[in-house]
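Notes follow the structure.
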Amino acid sequence: MKSVDVLFINPYWSKLGESIEHMGFAYMAATLRKSGFSVVIADAPINSWNNEQTIENVKKYSPSIIGVSIPFQDGAEDAFELIKMLGKNFTCHISLGGIYPTFEYESILRDYPEIDSIVLGEGEETILDLTDTVKNNLPLSSVSGLAIRQNGKIIKTKMRPLVEDLDSLPFPERDTLPAVIKKVNFASIVSGRGCYGRCSFCSVDGFYSAFGPKLRLRSAKNVVDEMEMLTGGYNVHNFMFNDANFIGGIGRGKERAFEIADEILTRKIKCEFRIQCRANDVDEDLFKKLKEAGLSRVYIGIESGSQPQLDRYRKDITVRENMKALLILRNLGLFAKLGFIMFDRESNLDDLFNNINFIKTVKKMFDKDKLGYIYPISKLMPLSGSAAKDKLFNDGLLKGNYKNFSYDFKDKKIETIYNMMKKSSSFIWGIKSKIKSSKDTDSDWTGGWTKWDEKKVSE
């Protein structure tokens with residue numbers, strides 16, 4: 001067996017559509033290696049491993065710590081099954097991290113004795129201290145930013161604040177990038193963390209607000225330095241920015257976005273990139289500049305075409321402003337993928353009709369190859385850490401448990417419509433998945449990337 005200080009495992013997730021780099025592990029691996037610790041990243045989705053295959057592939061290692069990630073609870077059941085298997089095959093310290101376990105640490109530690117600690121919040125500094133502590137057999141209570149068991153009770157250690165200066169972090173390790181490139185043809189970049197919004201359905205706001213600033217941004221120079229490193233070291237020219245909000249609002253956020261575009265153009269980096277943002281961040285001059293630098297597609301948080309629903313979602317925007325943002329993207333020839341939540345507990349027939357009419361209008365606006373598929377039966381998920389989940393809980397309307405929260409619709413007519421749509425949609429998608437063509441894949445949010453060759457790069 002090969003000894004290793006930390007073995008990170010990105011677990012099998014049956015509902016996962018696309019396998020990409022796990023940037024949390026990539027950043028933590030960089031921090032650990034900078035301090036001289038050895039790290040292995042075992043990524044089940046990238047390698048197409050199920051839980052049994054994951055165990056078989058990690059048995060060759062003898063780690064001091066195993067770190068497992070669960071970002072959201074729709075992947076929890078698969079991950080917990082893996083953790084049980086790890087407990088039977090390893091005797092080392094097992095730690096869990098992610099947005100979801102940060103909020104559900106008590107239930108998880110109560111139900112899964114295989115888990116020794118849960119990292120609360122960001123992991124770079126905590127995993128570094130934890131590794132040193134475990135290897136030197138020191139008390140876990142000395143490590144800030146953990147949930148652990150102590151004297152038969154579940155406790156939190158001292159809170160660890162967020163990393164103040166993201167530029168101070170080393171660039172993430174790219175252990176899995178070669179395999180990812182073969183599958184999806186892009187590298188992931190995180191240029192900032194958090195979001196200035198307060199959307200009720202989002203757990204990102206609650207996650208970062210619990211430990212420090214809602215939004216932190218890397219400098220434009222630092223971001224483009226990483227892009228330049230990837231083009232030179234890995235011959236990568238396609239970049240997916242995995243920020244919850246790439247722009248970051250007016251003021252410094254908008255200025256930085258302009259600076260990133262200018263840096264790319266000044267350094268003559270040939271690339272294609274895609275971003276996520278809020279509708280009220282879409283500015284014509286800015287997005288024109290970003291397109292000149294290589295922006296091709298925008299995942300835009302529209303969420304609804306009904307004003308009462310937007311207000312319930314705490315989007316702080318109007319339907320008219322949403323439409324204005326989409327018009328800018330259309331006029332610039334940018335591909336738009338809409339974040340859209342058709343149903344929530346309070347949905348009524350007016351909301352449904354408004355949403356249907358909004359989608360019809362949007363489809364007429366865009367050329368077919370410039371608009372991503374809008375899923376018609378998306379339902380608000382009560383994510384751990386979100387204001388929506390907390391409200392349902394406080395109102396006594398939350399069903400299920402921490403692994404799979406749910407709720408009933410207030411309007412029974414809406415519930416009937418939703419169930420009918422869901423049933424018919426599952427049948428249609430089952431057929432489509434069997435006859436899906438490369439053209440259909442190109443119209444996906446993650447498809448249709450530029451195929452770069454030496455001639456195109458040198459032009």
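Some points to look at:
- Among the residues making up segment 34-72, a single one is at positive phi and modelled with pLDDT of 95 or more: Gly36.
- From the options Glu106, Glu77, Glu114, Glu122, residue that is under 23 Å from Lys15 (Cα atoms) and outside the structural domain of Gly385 (by TED's automatic domain parsing): Glu77
- Search result, residues across segment 74-103 that are in contact with a Lys or Arg (Cβ under 6 Å, 6 or more places away or on another chain) and surrounded by 19 or more Cβ atoms within 10 Å (Cβ to Cβ): Ala76
- Restricting Glu226, Glu263 to those that are more than 23 Å from the chain's Cα centre (by Cα) and either assigned by TED's automatic domain parsing to the domain that holds Trp449 or under 20 Å from Pro178 (Cα atoms) (or both) reduces the list to Glu263.
- Helices (runs of 4 or more DSSP H) lying entirely in segment 244-323 (those with 1 or more residues that are within 20 Å of Val204 (Cβ to Cβ) and modelled with pLDDT under 95): 252-266
- Residue in segment 95-108 that is farthest from the chain's Cα centre (by Cα), counting only those that are without any contact (Cβ under 8 Å) to a residue 60 or more places away in the chain and more than 15 Å from Val143 (Cβ to Cβ): Glu106
- Only one of the listed residues (Arg216, Arg198, Arg193) is in the same structural domain as Tyr407 (by TED's automatic domain parsing), out of contact with any strand residue (DSSP E or B) (no Cβ under 7 Å at 6 or more places or on another chain), closer than 27 Å to Pro382 by Cβ and of a type in the set (Lys, Arg). That residue is Arg198.
- Only a single criterion out of (1) in a helix (DSSP H, G or I); (2) surrounded by fewer than 19 Cβ atoms within 10 Å (Cβ to Cβ); (3) modelled with pLDDT of 95 or more; (4) touching an Asp or Glu at 6+ places or on another chain (Cβ under 9 Å) is not satisfied by Met227, namely (2).
- Of the criteria (1) buried (at least 18 other Cβ atoms within 10 Å of the Cβ); (2) under 25 Å from Phe353 (Cβ atoms); (3) of a type in the set (Ser, Thr, Tyr), which one Ser386 fails: (2)
- Checking every residue in segment 349-370 against the condition of being in the same structural domain as Ile328 (by TED's automatic domain parsing), out of contact with any His (no Cβ under 6 Å at 6 or more places or on another chain) and part of a strand (DSSP E or B) gives zero matches.
- Check on Tyr299, under 30 Å from Tyr402 (Cβ atoms), touching a Gly at 6+ places or on another chain (Cβ under 8 Å) and among the hydroxyl-bearing types (Ser, Thr, Tyr): yes
- Just one of the numbered conditions (1) of a type outside the set (A, V, I, L, M); (2) farther than 18 Å from Gly24 by Cβ; (3) in a helix (DSSP H, G or I) is not true of Phe207: (2).
The values are calculated or read from the model by the stated rules, or taken from the named source; none is laboratory data. Because the structure is predicted, anything quoted here is derived from the model rather than measured. Note that each Cβ is placed from the backbone with ideal geometry, even for glycine, and that neighbours are counted across all protein chains shown.
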